[in-house]
Amino acid sequence: GAVVSQHPSWVICKSGTSVKIECRSLDFQATTMFWYRQFPKQSLMLMATSNEGSKATYEQGVEKDKFLINHASLTLSTLTVTSAHPEDSSFYICSAATNEKLFFGSGTQLSVL
Amino acid sequence: GENVEQHPSTLSVQEGDSAVIKCTYSDSASNYFPWYKQELGKRPQLIIDIRSNVGEKKDQRIAVTLNKTAKHFSLHITETQPEDSAVYFCAASIRTDKLIFGTGTRLQVFP
């Protein structure tokens, strides 16, 4: 299958700082990528759709100023959690589709102290 | 928008037995139904998918059935093995990339 790379795998940060997560499609181009959030033992909740060269589309209830998304190239989308707080601690995972299949990055475990 | 319900939330079976997980969806326009397997701390892996123009699809020990009229679809795993233990998610969508996931089923296969 196609490869979606996500970095970092885990990050610990202090409350109030910002954290950037990168998502790359390694062997295909993706005009659209998706960001999900997953709490322990829960499902994947779609946060936003990242669109190359234009603004991201956020799902209801997701703060766009809190979760900044940039999709500057056909192979890279970034999610920045701004002014992180302990309640932002979660597993963040990106995805991209090719050949009519959706593939996921390896996820980022964010812990905010 | 689409809403996907998944049952059961946990399922324990003996090795060699079959496991069945069921999902229902709300949006009749949905036409793509994938199933993902997720091990602890890992990314979800696509294991099988079905489109609305097909009623059943099988891949070795895994099969998926779709009832469009009732808006439900099911995952069937036969001859379960301990390595099948994981969390399984169903999803539904009108497109293959923007998926709405079910709540997940934690499958445990005991030797």
Q | Filter result (in contact with an Asp or Glu (Cβ under 8 Å, 6 or more places away or on another chain), closer than 24 Å to residue A:97 by Cα and without any contact (Cβ under 8 Å) to a residue 60 or more places away in the chain) within segment B:70-93 | A | B:86, B:87
Q. Quick one: what pairs do we get from segment B:57-69, first residue farther than 12 Å from residue B:33 by Cα, second surrounded by 15 or more Cβ atoms within 10 Å (Cβ to Cβ) and among the aromatic types (Phe, Trp, Tyr), C-beta under 9 Å, 6+ apart or different chains?
A. B:62/B:35
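So that you can scan it fast, the table gives a plain yes or no per residue for (1) under 23 Å from residue A:107 (Cα atoms); (2) open to solvent by 10 Å² or more (accessible area, probe 1.4 Å):
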residue	(1), (2)
B:9	yes, yes
B:35	yes, no
B:40	yes, yes
B:54	no, yes
B:72	no, yes
Q: Kindly indicate the residue of segment A:96-113 that is under 24 Å from residue A:13 (Cα atoms) and among the small types (Gly, Ala, Ser) and also surrounded by the fewest Cβ atoms within 10 Å (Cβ to Cβ) among those meeting that condition.
A: A:111
Q: Just give me the residues in segment A:22-51 being over 23 Å from residue B:42 (Cβ atoms), without any contact (Cβ under 8 Å) to a residue 24 or more places away in the chain and part of a loop (DSSP other than H, G, I, E, B), in sequence order.
A: none
Q. Being more than 26 Å from residue B:45 (Cβ to Cβ), in contact with a Cys (Cβ under 8 Å, 6 or more places away or on another chain) and either without any contact (Cβ under 8 Å) to a residue 40 or more places away in the chain or of a type in the set (A, V, I, L, M, F, W, C) (or both), is that true of even one residue in segment A:70-84?
A. yes
Q: Would you check if there is a residue in segment B:99-111 being within 13 Å of another protein chain (Cβ to nearest Cβ), among the aromatic types (Phe, Trp, Tyr) and either touching a Gly at 6+ places or on another chain (Cβ under 9 Å) or more than 25 Å from residue A:2 (Cβ to Cβ) (or both)?
A: no
(Q) Suppose the filter is in contact with a Ser or Thr (Cβ under 7 Å, 6 or more places away or on another chain), among the polar types (S, T, N, Q) and open to solvent by less than 10 Å² (accessible area, probe 1.4 Å); does residue B:30 pass it? (A) yes
**Q.** Selected residue [in contact with a Leu (Cβ under 6 Å, 6 or more places away or on another chain) and either open to solvent by less than 60 Å² (accessible area, probe 1.4 Å) or not in a loop (DSSP other than H, G, I, E, B) (or both)] from A:93, A:69
**A.** A:69
(Q) For segment B:74-98: of the residues being open to solvent by 70 Å² or more (accessible area, probe 1.4 Å) and away from chain A (no Cβ under 14 Å), which is farthest from residue A:39 (Cα to Cα)? (A) B:79
Q) All but one of (1) among the small types (Gly, Ala, Ser); (2) surrounded by fewer than 16 Cβ atoms within 10 Å (Cβ to Cβ); (3) part of a strand (DSSP E or B) hold for residue A:16; which doesn't? A) (3)
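The values are calculated or read from the model by the stated rules, or taken from the named source; none is laboratory data. Keep in mind the model is a prediction, meaning the values are calculated, not measured. No Cβ is skipped: glycine too gets one built from the backbone with ideal geometry, and neighbour counts run over all protein chains shown. Note: areas computed on protein heavy atoms with side chains; ligands, DNA, RNA excluded. Shrake-Rupley method; radii C 1.70, N 1.55, O 1.52, S 1.80 Å.
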